[in-house]
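The structure appears below as structure tokens.
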Amino acid sequence: MKISGAQMVMEALKHENVDTIFGYPGGNVLNLYDMLYDTDIRHILSRHEQGAAHAADGYARATGKPGVVLATSGPGATNLVTGIAAAYMDSVPMVFITGQVAIPLIGTDAFQEVDITGITLPITKHNFLVKDVRELPTIIKQAFYLATTGRCGPVLIDIPKDVQQAVAEFRYPENVSIPGYNPTYNGHPGQISRGARAIARAKKPVIYAGGGVTNSGAYEELLQLAEQCGIPVTTTLMGLSAFPGNHPLALGMLGMHGTYWANMAVSNADMILAVGARFDERVTGDAKRFASKAKIVHIDIDPAEIGKNVQVDVPIVGDVKLVLTELLKKLGPSDTGPWLEKIAKWKEETPLSYSQDMNGEISPQFVIEKIYEKTQGKALIATEVGQHQMWTAQYYKFTRPRSLASSGGLGAMGYGFPASLGMQVGRPDELVFCIAGDGSFLMNSQELAMAVEYNIPVKVAIINNQCLGMVRQLQQFYCKGRYISVDLQQVPDFAKMAEAYGALGLRVEKPADVVPAIEEALAFSGPAVIDFRVMSNTNVFPMVPPNSQINKMIKGEQK
Amino acid sequence: MRYVLAVLVEDKPGVLVRVAGLFSRRGYNIESLAVGKTVEPMVSRMTIEVEADEKILEQIIKQLYKLINVLKVSNLTQEPSVDRELVLIKVSADVGNRAEIQQIVETFRAKIVDVALNSIIIEVTGNQEKIEAITMLLSQYTILEVVRTGKIAILRGSKTIK
């Protein structure tokens with residue numbers, strides 16, 4: 001039977017077991033939405049396409065299933081761009097479907113025409129402009145396959161209006177054959193043996209785990225390896241929920257705002273096992289002097305990540321879960337006691353610290369610590385970008401896989417709130433918090449309408465320091481305190497704003513009210529926003545100045 | 001150092017942009033790029049000359065492989081291969097110096113493909129040294145315009161890139 005291109009998209013989504021999509025309609029996706037009307041697929045309407053993109057991204061990170069977004073041509077498509085880039089930088093499996101003007105109009109600067117495949121070329125794993133309706137089933141199959149296999153990432157399919165309307169025979173392919181795409185899953189046995197030897201010989205080993213652990217579902221294997229060999233584990237921001245933060249072997253995050261002891265451990269280690277991480281400059285500081293005493297074993301599914309930023313001794317290209325499974329077979333227990341004691345000393349010497357005067361202003365870290373205590377590290381958390389994000393990384397100990405969504409690579413303010421909504425949609429039975437800054441929250445606060453419309457009961461904690469704290473901190477350190485455009489006194493009353501949308505809004509100004517407010521929000525069945533008015537001049541410490549060695553940390557304010 | 005890569009790609013719209021875009025956004029230096037169809041239907045071959053050190057070259061090859069439409073990347077730099085470039089050179093020439101120029105052309109086994117009252121067009125095929133040499137000699141006259149195809153290269157012997 002012949003069906004239209006728009007119908008094919010719906011059939012294909014059913015074949016891919018997509019039950020929820022995020023989107024925003026428009027002229028060049030009329031046919032797609034018209035066909036969506038007849039399906040059981042749940043469509044979540046955002047209030048801005050960027051919100052849809054980030055929400056679907058949060059959905060994907062929380063569930064491991066691809067996030068699917070539908071948007072119209074032109075501005076609908078360009079509004080997705082930040083969302084696509086965020087997903088690309090963090091390797092999130094996503095499929096974006098955009099409408100396009102009819103083929104005869106392409107290239108004529110038609111109304112709402114934009115070359116979205118051209119624009120998204122550098123921020124998608126791959127993209128397609130569909131020129132013939134007969135190719136549509138194969139393209140959609142390939143798009144889902146590309147997004148969810150190998151190193152995951154966003155794929156965009158641009159479908160002109162006349163292709164949506166054209167009819168053809170529909171048969172959804174069972175298999176995919178893409179000649180230029182053959183990810184390596186099984187690690188090379190020789191390399192795995194070499195890696196195992198390096199691990200076994202190490203006296204001062206450290207595991208440095210990243211988002212690849214989450215993407216490959218290697219949570220158990222990583223935990224087992226760390227425990228079996230007594231290796232302490234530090235993670236990147238992306239890797240935070242890939243290893244239990246309250247585990248005795250957990251060192252917390254490393255790098256620019258990592259813990260002192262994690263950075264010291266890495267800098268003094270004789271072996272680093274990098275697992276699904278990419279030696280980003282926020283992690284390494286001066287890459288030439290990163291872990292200079294260590295033999296580096298690097299497991300990654302993307303061969304291009306190996307040797308890109310840091311010279312590696314034992315590269316192992318493959319799926320993290322499969323490689324760790326093989327490594328486990330070759331490794332026995334080893335005695336790392338003295339090394340762990342040394343790390344414990346560093347921790348004792350320079351712990352994470354802040355003070356909270358119960359009669360003074362609220363410390364931002366205090367709020368995050370209380371959220372951690374109240375949720376016992378079990379909540380799903382999305383963060384925005386800035387100081388609150390780093391404090392979340394430092395003070396919230398994630399204990400479950402896929403419990404953090406944060407824009408790590410792109411660092412997109414405005415990501416966290418819609419992402420938290422997507423996390424909640426994907427895992428409706430969980431408690432979801434969004435930890436936000438006053439600056440970031442305003443960037444996509446319109447999605448309060450989405451939260452209320454679909455009764456998505458996310459709890460938003462705005463760490464409101466009345467300024468763009470991270471930029472202010474940078475201006476303090478690197479611009480001699482010449483503060484410019486970082487003062488955010490002029491923001492709406494967030495509690496009233498939440499109420500105006502129909503959510504619960506709370507405002508907290510005293511330390512003693514922090515916990516009661518969290519409890520009130522938790523007791524409320526719908527979305528809630530808590531505006532925590534915190535002190536405005538707190539800095540994130542410790543900190544590594546740009547391009548410095550990561551063990552040369554500024555530990556705190558000069559007093 | 002200068003490297004020569006043979007890149008087999010799927011013959012699909014936008015592939016050239018994907019490859020060129022990769023080079024520009026990652027800051028790799030393309031010296032020349034030539035592309036054309038192969039005997040294999042739907043497969044095109046690009047010859048890309050890059051200026052890079054060994055580490056960057058490794059990244060270039062790996063990043064090229066990440067493009068879904070790229071089928072194979074071969075480094076021909078160290079392999080015994082034949083490489084050629086075709087150049088069209090328009091030189092200002094009149095009765096007075098035409099014969100002189102013709103002599104240079106013959107020495108290099110190049111061809112004069114167009115003669116006008118005040119100019120001639122010379123077609124040269126060869127490797128880089130040959131093209132540089134003839135360009136240098138012709139520069140004593142007025143070179144009006146130069147068009148180059150970019151280098152293409154093929155392995156010597158029966159070995160092929162597929």
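Values quoted throughout were computed directly from the atomic coordinates according to the rules given, and no laboratory measurement underlies them. No experiment lies behind these values; they were computed from the predicted model shown. Methodologically, a virtual Cβ is constructed for each residue, glycine included, from the backbone with ideal geometry; neighbour enumeration extends over all protein chains shown.
Would you mind giving the mean number of other chain beta-carbons within 10 Å of the Cβ of each residue in A:301-314, as a whole number?
What the average comes to for A:301-314 is 2.
Counting alpha carbon pairs within less than 8 Å and at least 6 residues apart, what relative contact order, in whole percent, applies to chain A?
The value is 14 percent.
Tabulate in residue order the Karplus-calculated ³J(HN,Hα) for region A:459-465, using 6.51 cos²θ - 1.76 cosθ + 1.60 with θ = phi - 60°, rounded to whole Hz; enter x for Gly and Pro.
9, 9, 9, 8, 8, 8, 9
Report, in cubic angstrom per residue, the convex hull volume of the C-alpha atoms of region A:189-349.
92
Count, for each residue of B:58-66, the Cβ atoms from other chains sitting within 10 Å of its Cβ, then give me the mean as a whole number.
Partner-chain Cβ atoms within 10 Å, mean over residues of B:58-66: 4.
So what's the gap between the Cα centers of region B:135-162 and region A:66-145, to the nearest angstrom?
39
Which value, in debye to the nearest 20, describes the size of the charge dipole of region A:245-401 about its Cα centre when Lys and Arg Cβ atoms bear +1, Asp and Glu Cβ atoms bear -1, and nothing else is charged?
The dipole of region A:245-401 has a size of about 300 debye.
Please give the direction-averaged projected area of the C-alpha convex hull for the protein assembly as shown, in square nanometres with one decimal.
That works out to 37.6 nm², a quarter of the Cα hull's surface.
Using the count of nearby Cβ atoms within 10 Å as a rough guide to exposure, how do A:M358, B:M46 rank from fewest to most?
A:M358, B:M46
Helix-derived [θ] at 222 nm for the protein assembly as shown: sum -39500 (n - 2.57) over DSSP H runs of at least 4, divide by residue count, nearest 500?
So the calculated ellipticity at 222 nm is -10000 deg cm²/dmol.
Over the Cα atoms of region A:92-148, what Rg and Dmax result, in angstrom?
Calculated on Cα positions, Rg and Dmax stand at 12.2, 35 Å.
Between beta-carbons, use under 15 Å as the cut-off and find the net charge around B:K151, counting Lys and Arg +1, Asp and Glu -1.
Combined, the nearby Lys, Arg, Asp and Glu give -3.
Give the relative contact order (percent, whole number) for region A:364-533; include only Cα pairs under 8 Å separated by 6+ residues.
Value for region A:364-533: 21 percent.
Working only with C-alpha atoms, what are the Rg and Dmax values of region A:371-414, expressed in angstrom?
Final numbers for Rg and Dmax: 10.3, 30 Å.
Size of the dipole of region A:182-275 about the Cα centre, Lys and Arg at +1 and Asp and Glu at -1 on the beta carbon, nothing else charged, in debye to 20?
340
Most exposed first by the Cβ proxy, i.e. fewest other Cβ within 10 Å, how do A:H257, A:H15 rank?
Lowest count first: A:H15, A:H257.
In region A:2-169, what is the volume of the convex hull around the alpha carbon atoms, normalised per residue and reported in Å³?
Roughly 92 Å³ of hull volume per residue.
Which entries in the list B:K90/B:K130; A:K345/A:K552; A:K459/A:K510; A:K203/A:K378; A:K131/A:K161; A:K293/A:K552 go over 22 Å, if you measure between the two C-alpha atoms of each?
A:K203/A:K378
Regarding region A:187-252, what whole-number volume in Å³ per residue does the convex hull of its Cα atoms give?
About 84 Å³ per residue, rounded to a whole number.
Calculated FRET efficiency, B:D94 and A:K131, Cβ-Cβ r, R0 51 Å, to nearest 0.05?
Step by step, r from the Cβ atoms, then E = 0.45.
Pick out, from A:L129, A:S406, A:Q164, the residue whose Cα sits farthest towards the positive end of the charge dipole of the protein assembly as shown, with +1 on the Cβ of Lys and Arg and -1 on the Cβ of Asp and Glu.
The Cα lying farthest towards the positive end belongs to A:S406.
Mind checking which of B:A52, B:P80, B:I161 is farthest towards the positive end of region B:37-162's charge dipole, using Cβ charges of +1 (Lys, Arg) and -1 (Asp, Glu) about the Cα centre?
B:I161
Among A:I97, B:L5, B:I68, pick out the residue whose Cα is farthest towards the positive end of the charge dipole of the protein assembly as shown, where Lys and Arg carry +1 and Asp and Glu carry -1 on C-beta, about the Cα centre.
Selected residue: B:L5.
Express in whole angstrom the spacing between the alpha-carbon centres of region A:235-290 and region B:5-57.
Here the answer is 36 Å between Cα centres.
First select every other residue whose beta carbon is under 13 angstrom from the beta carbon of A:R507; then total the charges, Lys and Arg +1, Asp and Glu -1.
-4
Which order, highest average first, do B:102-108, A:511-517 follow once you tally other Cβ atoms within 10 Å for each residue and take the mean per peptide?
A:511-517, B:102-108
Any chance you could get the radius of gyration and Dmax over the Cα atoms of region B:2-75, in Å?
11.4, 34
Which value, in debye to the nearest 20, describes the size of the charge dipole of region B:1-131 about its Cα centre when Lys and Arg Cβ atoms bear +1, Asp and Glu Cβ atoms bear -1, and nothing else is charged?
Dipole about the Cα centre, nearest 20: 520 debye.
Could you compute the net charge surrounding B:N127? Neighbours are other residues with a C-beta less than 9 Å from the C-beta of B:N127; K and R count +1, D and E count -1.
Every neighbour counted, the sum reads 0.
With 10 angstrom as the radius, rank A:L45, B:L76 by how many other C-beta atoms surround their C-beta, starting from the fewest.
A:L45, B:L76
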